[in-house]
Amino acid sequence: MSLLLVDNADVLVTMDAGRREIKNGSIVIRDNIVEFVGDNNEIEKYLSDNDISSPREIDASGCVIIPGLVNCHHHLYQTLTRSIGTAEGKALFDWLQTLYPIWGRMNGEDVYTSAKLGLAELMLSGATTVADHLYMFPNGARLDDEIRAASELGVRFHPTRGSMSLGQSQGGLPPDDVCEDEADILRDCERVIESFHDPEPYSMLRIGLAPCSPFSVTPELMRATAKLARRHPGVLLHTHLCETIDEDRFCIEQFGMRPLEYMQSLGWTGDDVWFAHMVHPNNDEVGFLAETRSGVCHCPSSNMILASGIAPLRDMCDAGVRVGLGVDGSASNDGNQLLGEARQAMLLQRVGWPGFESSADRFTAREALELATRGGATVLGRDDIGSLEPGKAADLVAYRVDGIKHAGASGDIVAALLTCAPGDAWLSIINGRPVVENGEIKNLDLKALVRQHNQQAQRLLQGADATTR
């Protein structure tokens, strides 16, 4: 058994039921579980009373410690195509149609390398749990490829086996050649669940199933996927929904229903379902999300860069909807900075959304930080992460607040994590194991990874039509 003491933090943010923030905070970790949290005096007494001597110690002086950040929606493979389309100001449907052919050139090694780079960037921002949505599998690529990358880095991973089956010839958005046969999709969904899914507490790997969107899969696949997932404990369902006005129009024209009503008709609501984006629900739909305990992943930067709109996050939180945060695809955000995403969520709600006046007190820094930790854990159906308290998984991140970015912010150093420019993780512990120390990922040659990643990205772009560059 191993014992780790992280002590002397300026503030330790627990996100427990009382939302305690402990000055001069310390935490005792035994193996992969939080054993005790308190201030330095309480820690000394705890160690003495329990006859604990000489644990490994990490001095977190000059830091704020928070629970590890939880990223609820991502497309890791898109690190290969940053700034394509977004640089030109394309909206979602045009952006997707520009990139589908390029993504169709990927292979398994591209998925592996892009996942490793995207996960590394997320970890350096403070993410300890990542849900990813891989919905394209060209040239032999498999979900296994990104699972390998996550395992090597030691991140807590929720990969979802995505799918697209409704090509342009059938009235869908994606080209036919990037879609799959639905029987093949369901067979592979079963395979990855049987091969990788671990529903146990403190699990490092849980599989979800994620047909891509209303405009890229059939109703039959949505129903069959839900039926398959619900045969396996802890396998959740995920898709994009209510992201754009174009999607609203598509659903009304094709199905005679708004997107959320369409999902309800397919059996796709409940506490085992979470939707990415949810930019355009009406008031009744916000209430329905809360009533059914359906989860939402808010992706503010992606929604902004693709001009999708401003989600009514304040209304959803006030109604009791389960909400977390996601960076979304690295090519519809062009970054993997999850602390920055929490900041963006806070700022965007203060600006407001159509029909509402802006208000500087509409969304606080602590509310945004809660979405990125405790909120994300709830969306992913986990009660073992998201806070720092005895019995929870030992996932934490420490940010230095004694440097230039936070100079002068001593009045409220916790809020300053979001009101000031977002920092990088100085220390990250996942499942009791330090994976980032002194701002660097242990045992990773980051320069070599970036170099390899860029070579593979260039290969994908070779031969691309000049208008896509």
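For region 1-88, give me every one of the strands (runs of 3 or more DSSP E) that falls completely inside it and has 1 or more residues that are surrounded by fewer than 24 Cβ atoms within 10 Å (Cβ to Cβ). Full working, then the answer.
On the way: elements: 3-13, 21-30, 33-39, 56-59, 63-67, 69-71.
Here the list reads 3-13, 21-30, 33-39, 56-59.
Tell me which residues, restricted to region 246-272, are aliphatic (A, V, I, L, M) and in contact with a Lys or Arg (Cβ under 9 Å, 6 or more places away or on another chain). Break it down into steps so the answer makes sense when it comes.
Filtering region 246-272 for residues aliphatic (A, V, I, L, M) gives 252, 257, 260, 263, 266.
Correct list: ILE252, LEU266.
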I'm trying to understand the selection: among the residues of region 1-56, which are basic (Lys, Arg) and over 25 Å from LEU417 (Cα atoms)? ARG30, LYS45, ARG56
Residue among ALA229, ALA183, ALA210 that is small (Gly, Ala, Ser) and surrounded by fewer than 18 Cβ atoms within 10 Å (Cβ to Cβ): ALA183
From the list ALA448, ALA464, which residue is modelled with pLDDT under 95, hydrophobic (A, V, I, L, M, F, W, C) and out of contact with any Gly (no Cβ under 6 Å at 6 or more places or on another chain)? ALA464
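Among the candidates ILE193, ILE245, which residue alone is among the aliphatic types (A, V, I, L, M), surrounded by 15 or more Cβ atoms within 10 Å (Cβ to Cβ) and either within 17 Å of SER165 (Cα to Cα) or in contact (Cβ under 8 Å) with a residue 24 or more places away in the chain (or both)? Even if it seems obvious, please write down each step before you answer.
Numbers: ILE245 fails: surrounded by 15 or more Cβ atoms within 10 Å (Cβ to Cβ).
Every option except ILE193 fails the conditions.
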Hey, ARG293 crowded, with 18+ Cβ neighbours inside 10 Å, in the same structural domain as ALA131 (by TED's automatic domain parsing) and within 27 Å of ARG314 (Cα to Cα) or not: no
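Given the residues VAL379, VAL401, which is the only one that is of a type outside the set (Asp, Glu) and either out of contact with any Cys (no Cβ under 7 Å at 6 or more places or on another chain) or under 24 Å from CYS297 (Cβ atoms) (or both)? Working first, answer last.
On the way: VAL401 fails: either out of contact with any Cys (no Cβ under 7 Å at 6 or more places or on another chain) or under 24 Å from CYS297 (Cβ atoms) (or both).
One residue alone meets the criteria, VAL379.
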Which one of the conditions (1) of a type in the set (Lys, Arg); (2) in contact (Cβ under 8 Å) with a residue 40 or more places away in the chain; (3) touching a Lys or Arg at 6+ places or on another chain (Cβ under 8 Å) does ARG343 fail to meet, given that it meets all the rest? (3)
Can you name every residue in region 307-335 that is at pLDDT 95 or above and under 19 Å from LEU76 (Cβ atoms)? GLY324, LEU325, GLY326, VAL327, ASP328
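The values are calculated or read from the model by the stated rules, or taken from the named source; none is laboratory data. All values reported here derive from a predicted model rather than from experimental measurement. Cβ atoms come from the backbone with ideal geometry, glycine included; neighbour counts cover every protein chain shown.
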